[in-house]
Amino acid sequence: MRKTAFITGSTSGIGKATAELFAKHNIRLVLCGRRKERLEELELKLSGITDVFTLDFDIRNKREVIEAINSLPDNFSNIDILINNAGNAHGMDTFDKASMDDWEAMLDINVKGLLYVTKAILPGMISKNSGQIINIGSTAGKEVYPKGNVYCASKYAVDAINKAMRIDLNPFSGIRVGAVNPGLVETEFSDVRFKGDKEKAKKVYQGFSPLKPEDIAEIIHFAITRPPHVNIADLVVMPSAQASSTIINKGT
Ligand code: 8X3
């Protein structure tokens, strides 16, 4: 039977690459994002290949999230796979200089948003005792680095929530929970982090081959195509040139 996947943050980067790859594999899609135009563009592109439904909501708004998910039409409400991908870094400053608005945005989106979406989707998975949740964490959730402070904290939270969900949902034998934690992936991530400073953003990925969103999409697809007794519980993926958050071989 064809599966239905719900992907947050699907209008760019890893989310978009995952949506495109899933579509090629005939997986039905519920695509979520904030940017309606981009969602519509993606829907137009992928609806020739698979069934697509789009939901635009602000993941920071608990009520909007729950209402949007509860409003899914019957033929899209049976979710088999949840990809908790929405998340971003806002600003990169030392703790004393960082903006509290940026901190709030990261905690609201990366942590609270993930909780709201999961909480709204879980009852459906529990009622059929079947489903797979992939949380997109980060190497920043495994290791704190200078000026990473609250971004790292938000991804450490994702790491903890991933483990907590796996423990608390263990009684439901048909539900799998796992995380994929990428290192440096060239997406709009750094544009957002540096608030549109393209030069600064570009520099992050210069002098080595960063991961591409498609590399992570393939790994996510691998995770969701394992047999039911196999769960990819926690996976860290870095470019070959990266050894840690701060050690990157740029050939110099
Ligand atoms: C993104 C990777 O190294 O910028 O989560 O924190 S990093």
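Read-outs: derived from the displayed coordinates by stated rules, not from any lab. Just so it is clear, the model here is predicted, and its values are computed rather than measured. Neighbour counts run over all protein chains shown; Cβ positions are idealised from the backbone, glycine included.
Excluding same-chain residues fewer than 8 positions from K45, which aspartates and glutamates have a Cα within less than 12 Å of its Cα? Qualifying aspartates and glutamates at Cα under 12 Å: E20. Where the centre of each part is set by its Cα atoms, how far does region 172-205 sit from region 8-39, in angstrom? When both Cα centres are located, 15 Å separates them. When each of E188, E199 is scored by the number of other beta-carbon atoms lying within 10 Å, the sequence from fewest to most is E199, E188.
Treating only the Cβ atoms of Lys and Arg (+1) and Asp and Glu (-1) as charged, compute the dipole magnitude of region 4-237 about its Cα centre; round to the nearest 20 debye.
On the way: 29 positive and 30 negative charges, 68 e Å.
It works out to roughly 320 debye.
Taking amide H atoms as placed 1.01 Å from N in the peptide plane, the amide H of E188 lies under 5 Å from those of G13, each 5 or more residues away in sequence or on another chain.
The Rg/Rh ratio for region 184-252 is 1.07, where Rg is the radius of gyration of the alpha carbons and Rh is the Kirkwood radius.
Relative to its residue count, region 52-193 spans a Cα convex hull of 112 Å³ per residue.
Placing unit charges on the Cβ atoms of the charged side chains and taking the dipole of region 4-237 about its Cα centre, the candidate lying farthest along the positive direction among H25, N181, T8 is N181. Protection proxy ranking for 231-243, 130-142, using the average of other Cβ atoms within 10 Å per residue and placing the highest first: 130-142, 231-243.
Students often check this: by mean Cβ neighbours within 10 Å, which of 204-212, 31-39, 68-76, 178-186 ranks highest, and how do the rest follow?
Numbers: 204-212: 15.6, 31-39: 18.1, 68-76: 13.3, 178-186: 22.3.
In descending order of packing, they fall as 178-186, 31-39, 204-212, 68-76.
The Cα atoms of region 108-163 cover 44, 18, 12 Å along the three principal axes, with the biggest extent listed first. Here, P(r) means the percent of Cα pairs in each 5 Å bin from 0 to the largest distance; for the chain it is 1, 6, 14, 18, 21, 17, 12, 7, 3, 1, 0, 0.
In straight-distance terms, cross-link reach from K200 covers every one of the aspartates and glutamates whose alpha-carbon lies under 16 Å from its own, apart from those fewer than eight places away in the same chain; here that gives D93, E186, E188, D191.
With each label modelled as a point 7 angstrom along the Cα→C-beta vector, the N70-L44 pair spans 3.3 nm. The label point for H221 and the one for V237, both projected 7 Å from the Cα toward the Cβ, are 1.1 nm apart.
What net charge is computed for the residues neighbouring D80, neighbours being all others with C-beta under 10 Å from the C-beta of D80, Lys and Arg scored +1, Asp and Glu -1?
Details: positive: R2, K3, R28, K128; negative: none.
It works out to a net charge of +4.
Is there a pair in K16/K36; K112/K163; K163/K212 whose C-alpha atoms are over 21 Å apart, and which pairs would that be?
Numbers: K16/K36 14 Å; K112/K163 16 Å; K163/K212 26 Å.
Table pairs above 21 Å Cα-Cα are K163/K212.
Near R176, once Lys and Arg are set to +1 and Asp and Glu to -1 for all other residues with Cβ below 9 Å from its Cβ, the sum equals +2.
Of all lysines in the structure, the ones whose alpha carbon falls short of 18 Å from that of K195, not counting any fewer than 8 places away in one chain, are K97, K147, K203.
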